[in-house]
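Note sheet for the following structure.
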Amino acid sequence: TSSVHNAMITYCEVTREKSVFAILDPPSAVSATAMITYVKTTAAISELTESAAIYWPRVKISNPKKSIYGLADQITVPPSGHIAGVFSRVDNARPGGIYDPPAGPDVAALFGVLDFETTETLDEEKRDLVFPERINPLTTYKGGPRFIDGARCLKSTSNFPTVAQRRGASKIEKELKTASQVFRHKNNTKTLRAAITRTFQSYLLGQMSFGAFKTTDPTTAFFVDFGDALNPANAPNTITGRVG
(Lines give C-alpha, C1' and ligand atoms only; values in the text may rest on other atoms or scores of the structure.)
Protein backbone atom coordinates (compact mmCIF):
# COMPACT_ATOMS: atom_id res chain seq x y z
CA THR A 1 0.00 0.00 0.00
CA SER A 2 1.01 3.63 -0.35
CA SER A 3 1.35 4.11 3.40
CA VAL A 4 3.49 1.02 3.86
CA HIS A 5 5.75 1.89 0.93
CA ASN A 6 6.27 5.45 2.14
CA ALA A 7 6.96 4.21 5.67
CA MET A 8 9.53 1.73 4.34
CA ILE A 9 11.25 4.48 2.37
CA THR A 10 11.36 6.79 5.39
CA TYR A 11 12.82 3.98 7.48
CA CYS A 12 15.56 3.29 4.93
CA GLU A 13 16.36 6.94 4.13
CA VAL A 14 16.00 8.59 7.53
CA THR A 15 15.89 6.09 10.38
CA ARG A 16 18.66 3.88 9.01
CA GLU A 17 20.47 6.61 7.03
CA LYS A 18 20.52 4.62 3.77
CA SER A 19 22.20 1.63 5.39
CA VAL A 20 19.35 -0.70 4.40
CA PHE A 21 17.42 -1.18 1.17
CA ALA A 22 13.69 -1.69 0.50
CA ILE A 23 12.28 -4.12 -2.04
CA LEU A 24 8.81 -2.79 -2.83
CA ASP A 25 6.01 -5.06 -4.04
CA PRO A 26 3.45 -4.01 -6.65
CA PRO A 27 -0.23 -3.72 -5.78
CA SER A 28 -2.37 -6.67 -6.78
CA ALA A 29 -3.74 -7.06 -10.30
CA VAL A 30 -2.33 -3.89 -11.87
CA SER A 31 -1.66 -3.33 -15.55
CA ALA A 32 1.45 -1.55 -16.81
CA THR A 33 -0.32 1.81 -16.98
CA ALA A 34 -1.95 1.31 -13.57
CA MET A 35 1.45 0.47 -12.11
CA ILE A 36 2.84 3.74 -13.44
CA THR A 37 -0.10 5.64 -11.96
CA TYR A 38 0.50 3.96 -8.60
CA VAL A 39 4.18 4.94 -8.50
CA LYS A 40 3.77 8.47 -9.82
CA THR A 41 0.45 9.52 -8.30
CA THR A 42 -1.19 7.12 -5.84
CA ALA A 43 1.89 6.43 -3.71
CA ALA A 44 3.88 9.39 -5.10
CA ILE A 45 7.19 7.56 -4.71
CA SER A 46 8.60 8.29 -8.16
CA GLU A 47 12.09 9.81 -7.89
CA LEU A 48 11.75 9.77 -4.09
CA THR A 49 14.70 7.64 -2.99
CA GLU A 50 17.74 5.64 -4.04
CA SER A 51 17.19 3.32 -1.07
CA ALA A 52 14.35 1.36 -2.66
CA ALA A 53 13.38 -0.38 -5.87
CA ILE A 54 9.93 -1.47 -6.99
CA TYR A 55 9.05 -4.50 -9.12
CA TRP A 56 6.08 -5.57 -11.27
CA PRO A 57 4.02 -7.76 -11.50
CA ARG A 58 3.12 -10.23 -8.77
CA VAL A 59 4.02 -13.88 -9.38
CA LYS A 60 2.35 -17.28 -9.29
CA ILE A 61 3.81 -20.17 -7.33
CA SER A 62 2.74 -23.67 -6.33
CA ASN A 63 0.19 -23.68 -3.54
CA PRO A 64 2.25 -24.74 -0.50
CA LYS A 65 -0.74 -25.72 1.66
CA LYS A 66 -4.24 -26.10 0.26
CA SER A 67 -5.82 -26.24 3.71
CA ILE A 68 -4.69 -22.64 4.22
CA TYR A 69 -4.57 -21.08 0.74
CA GLY A 70 -7.50 -22.81 -0.95
CA LEU A 71 -7.74 -25.64 -3.45
CA ALA A 72 -6.09 -23.96 -6.44
CA ASP A 73 -2.83 -25.54 -7.59
CA GLN A 74 -1.21 -22.10 -7.85
CA ILE A 75 -1.47 -18.93 -5.76
CA THR A 76 -0.45 -15.35 -6.55
CA VAL A 77 2.03 -13.71 -4.16
CA PRO A 78 4.09 -10.51 -3.99
CA PRO A 79 7.51 -11.03 -5.60
CA SER A 80 9.72 -9.45 -2.91
CA GLY A 81 10.62 -12.76 -1.26
CA HIS A 82 11.88 -14.20 -4.54
CA ILE A 83 13.70 -10.95 -5.35
CA ALA A 84 15.42 -10.92 -1.95
CA GLY A 85 16.53 -14.48 -2.72
CA VAL A 86 18.03 -13.31 -6.01
CA PHE A 87 19.85 -10.48 -4.20
CA SER A 88 21.35 -13.00 -1.78
CA ARG A 89 22.29 -15.41 -4.55
CA VAL A 90 24.03 -12.71 -6.60
CA ASP A 91 25.76 -11.30 -3.50
CA ASN A 92 27.25 -14.69 -2.69
CA ALA A 93 28.06 -15.83 -6.22
CA ARG A 94 31.56 -14.35 -5.96
CA PRO A 95 33.58 -12.00 -3.73
CA GLY A 96 32.12 -8.59 -4.46
CA GLY A 97 28.92 -10.03 -5.87
CA ILE A 98 26.95 -7.20 -4.29
CA TYR A 99 28.43 -4.91 -6.96
CA ASP A 100 26.79 -6.96 -9.74
CA PRO A 101 23.30 -5.91 -10.91
CA PRO A 102 20.71 -8.46 -9.71
CA ALA A 103 19.00 -8.65 -13.09
CA GLY A 104 19.08 -10.66 -16.29
CA PRO A 105 18.25 -14.27 -17.16
CA ASP A 106 21.75 -15.50 -16.43
CA VAL A 107 21.95 -14.40 -12.78
CA ALA A 108 18.45 -13.31 -11.73
CA ALA A 109 16.25 -16.30 -12.50
CA LEU A 110 13.19 -16.46 -10.25
CA PHE A 111 13.31 -20.03 -9.00
CA GLY A 112 9.90 -21.40 -8.07
CA VAL A 113 7.96 -18.81 -10.06
CA LEU A 114 5.53 -20.61 -12.39
CA ASP A 115 3.83 -17.63 -14.02
CA PHE A 116 3.03 -13.93 -13.67
CA GLU A 117 -0.17 -12.30 -12.49
CA THR A 118 -0.51 -10.47 -15.81
CA THR A 119 0.65 -11.46 -19.27
CA GLU A 120 1.32 -7.80 -20.03
CA THR A 121 4.81 -8.22 -18.64
CA LEU A 122 5.59 -10.59 -21.53
CA ASP A 123 4.91 -7.75 -23.97
CA GLU A 124 8.03 -5.70 -24.68
CA GLU A 125 5.93 -2.64 -25.45
CA LYS A 126 4.37 -2.82 -21.97
CA ARG A 127 7.76 -3.27 -20.34
CA ASP A 128 8.98 -0.27 -22.30
CA LEU A 129 6.27 1.74 -20.55
CA VAL A 130 7.24 0.85 -16.99
CA PHE A 131 11.02 0.70 -17.30
CA PRO A 132 11.55 4.42 -18.03
CA GLU A 133 9.52 5.11 -14.87
CA ARG A 134 12.11 3.10 -12.92
CA ILE A 135 9.76 0.19 -12.33
CA ASN A 136 11.65 -3.08 -12.73
CA PRO A 137 9.64 -5.65 -14.69
CA LEU A 138 9.71 -9.39 -14.23
CA THR A 139 9.44 -11.37 -17.44
CA THR A 140 10.56 -14.35 -19.50
CA TYR A 141 11.11 -15.35 -23.13
CA LYS A 142 10.52 -18.55 -25.04
CA GLY A 143 12.83 -21.23 -23.73
CA GLY A 144 14.24 -18.97 -21.00
CA PRO A 145 13.72 -18.70 -17.25
CA ARG A 146 11.47 -16.21 -15.51
CA PHE A 147 13.78 -13.43 -14.36
CA ILE A 148 14.20 -9.87 -13.10
CA ASP A 149 14.51 -7.53 -16.08
CA GLY A 150 15.70 -4.36 -14.37
CA ALA A 151 17.89 -3.09 -11.52
CA ARG A 152 16.94 0.55 -11.09
CA CYS A 153 16.32 2.38 -7.83
CA LEU A 154 13.35 4.75 -7.70
CA LYS A 155 15.51 7.88 -7.97
CA SER A 156 17.44 8.63 -11.15
CA THR A 157 19.13 11.87 -10.05
CA SER A 158 21.12 10.42 -7.16
CA ASN A 159 24.72 9.36 -6.68
CA PHE A 160 23.71 5.69 -6.72
CA PRO A 161 20.74 5.20 -9.09
CA THR A 162 20.96 1.41 -9.42
CA VAL A 163 20.41 -1.39 -6.93
CA ALA A 164 24.00 -2.62 -7.10
CA GLN A 165 25.45 0.87 -6.70
CA ARG A 166 23.29 1.79 -3.70
CA ARG A 167 23.69 -1.53 -1.90
CA GLY A 168 27.41 -1.60 -2.70
CA ALA A 169 27.89 1.88 -1.26
CA SER A 170 25.99 0.88 1.88
CA LYS A 171 28.21 -2.18 2.29
CA ILE A 172 31.40 -0.12 2.01
CA GLU A 173 30.16 2.53 4.44
CA LYS A 174 29.09 -0.09 6.98
CA GLU A 175 32.36 -2.01 6.81
CA LEU A 176 34.48 1.13 7.09
CA LYS A 177 32.50 2.17 10.16
CA THR A 178 33.10 -1.25 11.67
CA ALA A 179 36.82 -1.07 10.88
CA SER A 180 37.06 2.36 12.52
CA GLN A 181 35.78 1.16 15.89
CA VAL A 182 39.22 0.00 17.01
CA PHE A 183 40.56 3.55 16.56
CA ARG A 184 37.76 5.47 18.25
CA HIS A 185 39.26 5.89 21.72
CA LYS A 186 42.89 6.39 20.82
CA ASN A 187 44.78 9.68 20.95
CA ASN A 188 44.85 11.60 17.70
CA THR A 189 48.42 11.34 16.43
CA LYS A 190 50.00 11.33 12.99
CA THR A 191 51.05 7.73 13.54
CA LEU A 192 47.49 6.68 14.34
CA ARG A 193 46.05 8.58 11.40
CA ALA A 194 48.59 6.94 9.10
CA ALA A 195 47.49 3.54 10.40
CA ILE A 196 43.82 4.40 9.76
CA THR A 197 44.68 5.59 6.27
CA ARG A 198 46.53 2.35 5.48
CA THR A 199 43.66 0.26 6.84
CA PHE A 200 41.04 2.09 4.81
CA GLN A 201 43.15 2.17 1.65
CA SER A 202 43.86 -1.56 1.90
CA TYR A 203 40.16 -2.31 2.29
CA LEU A 204 39.16 -0.07 -0.62
CA LEU A 205 41.86 -1.55 -2.86
CA GLY A 206 40.37 -4.96 -2.13
CA GLN A 207 36.88 -3.76 -3.01
CA MET A 208 38.23 -2.14 -6.18
CA SER A 209 39.60 -5.51 -7.26
CA PHE A 210 36.07 -6.92 -6.84
CA GLY A 211 34.59 -4.29 -9.16
CA ALA A 212 33.26 -1.79 -6.63
CA PHE A 213 34.26 1.28 -8.64
CA LYS A 214 34.04 2.43 -12.25
CA THR A 215 37.81 2.40 -12.56
CA THR A 216 40.69 0.20 -11.45
CA ASP A 217 42.97 3.19 -10.97
CA PRO A 218 43.11 3.84 -7.21
CA THR A 219 43.99 7.50 -7.77
CA THR A 220 40.59 8.06 -9.38
CA ALA A 221 38.56 5.28 -7.76
CA PHE A 222 38.61 6.62 -4.19
CA PHE A 223 40.37 8.88 -1.70
CA VAL A 224 41.18 8.64 2.01
CA ASP A 225 42.12 11.79 3.90
CA PHE A 226 43.03 11.89 7.57
CA GLY A 227 45.53 14.72 7.07
CA ASP A 228 46.61 17.65 9.23
CA ALA A 229 44.09 20.03 7.69
CA LEU A 230 41.24 17.95 9.09
CA ASN A 231 42.96 17.33 12.42
CA PRO A 232 44.22 20.57 13.98
CA ALA A 233 46.49 20.44 17.00
CA ASN A 234 43.80 21.94 19.25
CA ALA A 235 41.59 18.84 18.84
CA PRO A 236 43.93 16.05 19.96
CA ASN A 237 41.19 13.59 20.95
CA THR A 238 39.00 13.94 17.89
CA ILE A 239 39.93 12.06 14.73
CA THR A 240 38.45 13.51 11.57
CA GLY A 241 38.70 12.01 8.12
CA ARG A 242 37.10 11.97 4.70
CA VAL A 243 36.56 8.96 2.46
CA GLY A 244 34.98 9.19 -0.97
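The values are calculated or read from the model by the stated rules, or taken from the named source; none is laboratory data. Quantities reported herein were computed from a predicted structural model and do not represent experimental measurements. As a convention, Cβ positions derive from the backbone with ideal geometry for all residues, glycine included, and neighbour counts pool all protein chains shown. The area values use the complete protein model at the heavy-atom level, side chains included, leaving out ligands, DNA and RNA. Shrake-Rupley method; radii C 1.70, N 1.55, O 1.52, S 1.80 Å.
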Exercise. Tell me, which helices (runs of 4 or more DSSP H) lie completely within region 1-99 with 3 or more residues that are under 28 Å from GLY206 (Cα atoms)?
Worked result: 80-91
Seminar exercise, completed: Of those in region 33-74 that are charged (D, E, K, R) and closer than 25 Å to ARG146 by Cβ, the residue surrounded by the most Cβ atoms within 10 Å (Cβ to Cβ) is ARG58
Exercise. In region 218-235, which residues are aliphatic (A, V, I, L, M) and surrounded by fewer than 12 Cβ atoms within 10 Å (Cβ to Cβ)?
Worked result: ALA229, ALA233, ALA235
Problem set entry | Criterion: loosely packed, with under 15 Cβ neighbours inside 10 Å and either assigned to a helix (DSSP H, G or I) or among the acidic types (Asp, Glu) (or both) - qualifying residue of THR191, THR199, THR215, THR238 | THR191
Problem set entry | Residues within region 157-188 that are in a loop (DSSP other than H, G, I, E, B), open to solvent by 50 Å² or more (accessible area, probe 1.4 Å) and farther than 18 Å from ASP91 by Cα, tallied | 6
Exercise. Quick check, is LYS171 among the charged types (D, E, K, R) and under 30 Å from ILE9 (Cα atoms)?
Worked result: yes
Exercise. In region 218-235, what residues are in a helix (DSSP H, G or I) and within 34 Å of the chain's Cα centre (by Cα)?
Worked result: PRO218, THR219, THR220, ALA221, LEU230
For this session: Determine if region 17-32 includes at least one residue that is open to solvent by less than 30 Å² (accessible area, probe 1.4 Å) and farther than 20 Å from ARG146 by Cα.
Result: yes
Exercise. Mind checking whether some residue in region 81-92 is surrounded by 13 or more Cβ atoms within 10 Å (Cβ to Cβ) and touching an Asp or Glu at 6+ places or on another chain (Cβ under 8 Å)?
Worked result: yes
